[in-house]
Amino acid sequence: MTRARRRTLHGALVALGLVPLRALAVGALRGDLGANPVETVSHATGEWTLRLLLATLAVTPLRRILGRPGLAPFRRTLGLLAFSYACLHFATYVALDLTFDFGAVAEDVAKRPYITVGFTAFCLLIPLAATSTRAMVRRLGRRWVTLHRLVYIVAVLGIVHFLWLVKADLRPPLVHAVVLALLLGLRLWWRIERAREERGPGFARAETRG
Amino acid sequence: MPIRRPERPDAVALAEITDRELYLRRRDFLRGAALAAAGAAAGLACGAEAGDANVEARGEKLPNVVPGPREYATDEEPTSYRSATTYNNFYEFGTDKTDPSQSAGSLRPKPWSVAIEGEVAKPGTVPFEDLIRPHPLEERIYRLRCVEAWSMVIPWVGFPLGALLRRFEPTSRARYVAFETLFDPEQMPGQRRSVLDWPYREGLRMDEAMHPLAILAVGMYGAVLPNQNGAPLRLVVPWKYGFKSVKSIVKIRLQEEQPTTTWSDSAPDEYGFYANVNPDVDHPRWSQKRERRIGDIAKRETLYLNGYAEQVGSLYAGMDLRKLF
């Protein structure tokens, strides 16, 4: 992929990632966010955080399946978009839902399991976003990779947060859970494969190496 | 339908004082006024669209509606008709709030009949028209508090549930009333999935059911109930969480034992039989201390028994409401 092409694709991805936000802004200006606009914004920003997190986690498997290692930088773009929606989601909750009643925030975080896990997921995203620059990647080296494995935990917590919030219809969070299971399952499968290859008889390795 | 004199000569149904259009769309109107000023042409186009949606949904106006007892009415501003008819929990038509208004068109509220059975001297299946004919229709402006921590103010049109039950002569063994919603996946597409154990069932203790605050509603905002709000007949018990107010009722059964109810059956630790609005008893997953009145951004304090403690508080004297939630 040429540099220019990659830049265009990045621009397009960011623009695409901001479409839901634009829809919310337009809806807010028109007074067209439904009967309970705070809930609409809260649900939309939450769901887009999860979708973008899943998209982020899909980059590595796609690189491998499509044989396109050049996709790697898009992982950061998607991850930062996910973080942006997570910030909006959290801000909606603190500013609009609880109108800056920090006592109520603390009580929720301590007492309501779905908020506890959601808040934990959000907190864990912060160091990932903070260390997403090229300079930080270089500075942290191997430790960067270890640190960024936190994203798996964040995704699981995010989906648990969604699941525990639902009253009776579990389908929407379960759809997200299935996608996440698939993405994590692939990684696990490849890891097992690689371990088997490394441990296995010499000819297997020779064969795969051609 | 007999015409009942208003209790006080100056008591006039809200729907009769204000111009209907404005009454139903005050907020839309105010918001719209700013828009309209921006440009007549554009304003007309937008206004017509919003207006049509309201007219369509409003339905047939109910005649001879008199105001209900003054001490029961709230003077709080009713929720916009649009919000009250597009933000609904009626899982029989889908689990999103906007699903019922979009898919309740498949419900056929006419013809309709209701079976009254169990511990009554005169059981039977009664056509809807015969069921409501003897009852003067009253407007009851009530707060509605959903278990999900949002609330509305709805001008219902209906009559006391107790008056209806008395007609069928409950026996001495009648201690509870059980209600059932229609079960017909063809009319109610949400029932094709087992999100809940259909048909939807609810119940009241006999003294709750006989309390004059509990009504059966056939309309709201002066007109026939829209399908998504539980046409043609629904319960309204304003001091309990909204899910107690069962919609599109086809069966009323009086019985000696406490009936099983849908939500309590689905999650017994989260939803009790009583489901009285109570800011001191949290839902296990969220606080019930505050609620968002639809139309507001900031939340307000939730009131014990949804502000009807003076009327119905005595029904629960001596009960441990943390256990019997």
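Laboratory data are not the source of any read-out in this text; all were calculated from the coordinates shown. Just so we're clear, the structure is a prediction, and the values are computed from it rather than from any experiment. Please note: Cβ atoms are built from the backbone with ideal geometry, for glycine as well, and neighbour counts cover all protein chains shown.
A few notes on this one:
- Note that the stretch B:78-119, at 10 °C in a medium of 1.306 mPa s, gets a Stokes-Einstein diffusion coefficient of 131 µm²/s from its Kirkwood radius over C-alpha pairs.
- Average beta carbon contacts from partner chains per residue of A:29-38, 10 Å cutoff: 5
- Paired Rg and Dmax values of the protein assembly as shown, which use every Cα atom, in angstrom: 27.9, 100
- For the protein assembly as shown, size of Cβ-based charge dipole, Lys and Arg +1, Asp and Glu -1, in debye: 3520
- Relative contact order for the stretch B:14-316: 19 percent, from Cα pairs under 8 Å spaced at least 6 residues apart, divided by residue count.
- Look at the stretch B:261-270: the mean tally of other chain Cβ atoms within 10 Å of its residues' Cβ atoms is 1.
- Legend: distances between Cα atoms for B:61/B:110; B:122/B:244; B:240/B:289; B:110/B:247; A:167/B:244; B:110/B:251; pairs beyond 18 Å are B:122/B:244.
- Using alpha carbons only, the radius of gyration of the stretch B:96-153 set against its Kirkwood radius gives Rg/Rh = 1.08.
- Only Cα pairs under 8 Å and 6+ residues apart enter the sum, and on that basis the relative contact order of chain A stands at 18 percent.
- Inter-chain Cβ neighbour count for A:165-173, averaged per residue, equals 5 (cutoff 10 Å, partner chain atoms only).
- The convex hull defined by the C-alpha atoms of chain A has an orientation-averaged projected area of 15.5 nm².
- As a rough footprinting exposure proxy, the listed residues A:166, B:177, A:41, A:178 were ranked by other beta carbons within 10 Å of their own, and the order from fewest upward is A:178, A:166, A:41, B:177.
- Simple label model, 7 Å out from Cα along Cβ direction - residue A:174 to residue A:99, nm: 3.9
- For the stretch B:261-325, the set of trypsin sites (Lys or Arg not before Pro) satisfying both a DSSP loop assignment and a count of at most 11 other C-beta atoms within 10 Å is given as B:322, B:323.
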